[in-house]
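One structure is given below, encoded as structure tokens.
The values are calculated or read from the model by the stated rules, or taken from the named source; none is laboratory data. This one's a predicted model, so the numbers in the text were calculated from it and none came from an experiment. Glycine also receives a Cβ, built like all others from the backbone with ideal geometry; neighbour counts cover every protein chain displayed. Side chains are part of the model used for accessible areas, which takes the heavy atoms of the whole protein and leaves out ligands, DNA and RNA. Shrake-Rupley method; radii C 1.70, N 1.55, O 1.52, S 1.80 Å.
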Amino acid sequence: MTGEKFQEECDVLQRFFNLYCSSNHHLNTTEKSIVYRYKDIDYHLQLMLCDECMKLLDYSVMKLQECPHTVKPKCRKCPNPCYAKTEWRSLARVMRYSGMSLGFV
């Protein structure tokens, strides 16, 4: 995966998680500025998330960093899914809610 694609994926995750966490039952959100590293380049995200959403976002970015595909497929169509079932269900809930709200579907 290219650095541009990684940045694009991180930007989508940032938008989706910020919307999901702020629009749902999540309390105790804090503003965070996070830096993720991919291929020796730092990517910055501005987030306003609760601890639960932050943990899931970290997991998602970790899996994104480890993606073995040169051309990254959509996770739901991946021939070798890397997400654990519990995290997959949680992320699907975030993506479904935010994707519909932002017009991605």
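Every residue in the range 82-105 that is touching a helix residue (DSSP H, G or I) at 6+ places or on another chain (Cβ under 7 Å), outside any helix (DSSP H, G or I) and open to solvent by 60 Å² or more (accessible area, probe 1.4 Å), please.
The answer is Cys82, Val105.
Using the structure shown, decide if Lys63 is part of a helix (DSSP H, G or I), on the phi < 0 side of the Ramachandran plot and either touching a helix residue (DSSP H, G or I) at 6+ places or on another chain (Cβ under 9 Å) or of a type in the set (Asp, Glu) (or both).
yes
Do any residues in the range 68-94 that are without any contact (Cβ under 8 Å) to a residue 40 or more places away in the chain have Cβ atoms under 7 Å from those of residues that are of a type in the set (A, V, I, L, M, F, W, C) and open to solvent by 40 Å² or more (accessible area, probe 1.4 Å), where the two are at least six apart or on different chains, and which pairs are they?
Going by the 7 Å Cβ cut-off, the qualifying pairs are Pro81/Cys75; Tyr83/Cys75.
Suppose we filter the range 22-54 for residues that are more than 24 Å from Tyr97 (Cβ to Cβ) and aliphatic (A, V, I, L, M); how many remain?
2
Every residue in the range 19-45 that is open to solvent by 20 Å² or more (accessible area, probe 1.4 Å), without any contact (Cβ under 8 Å) to a residue 60 or more places away in the chain and over 29 Å from Thr70 (Cβ atoms), please.
Those that are open to solvent by 20 Å² or more (accessible area, probe 1.4 Å), without any contact (Cβ under 8 Å) to a residue 60 or more places away in the chain and over 29 Å from Thr70 (Cβ atoms): Ser22, His25, His26, Leu27, Asn28, Thr29, Thr30, Glu31, Lys32, Ser33.
Looking at (1) surrounded by fewer than 16 Cβ atoms within 10 Å (Cβ to Cβ); (2) not in a loop (DSSP other than H, G, I, E, B), which is the one condition that is false for Thr70?
In the conditions (1) surrounded by fewer than 16 Cβ atoms within 10 Å (Cβ to Cβ); (2) not in a loop (DSSP other than H, G, I, E, B), Thr70 misses (2) alone.
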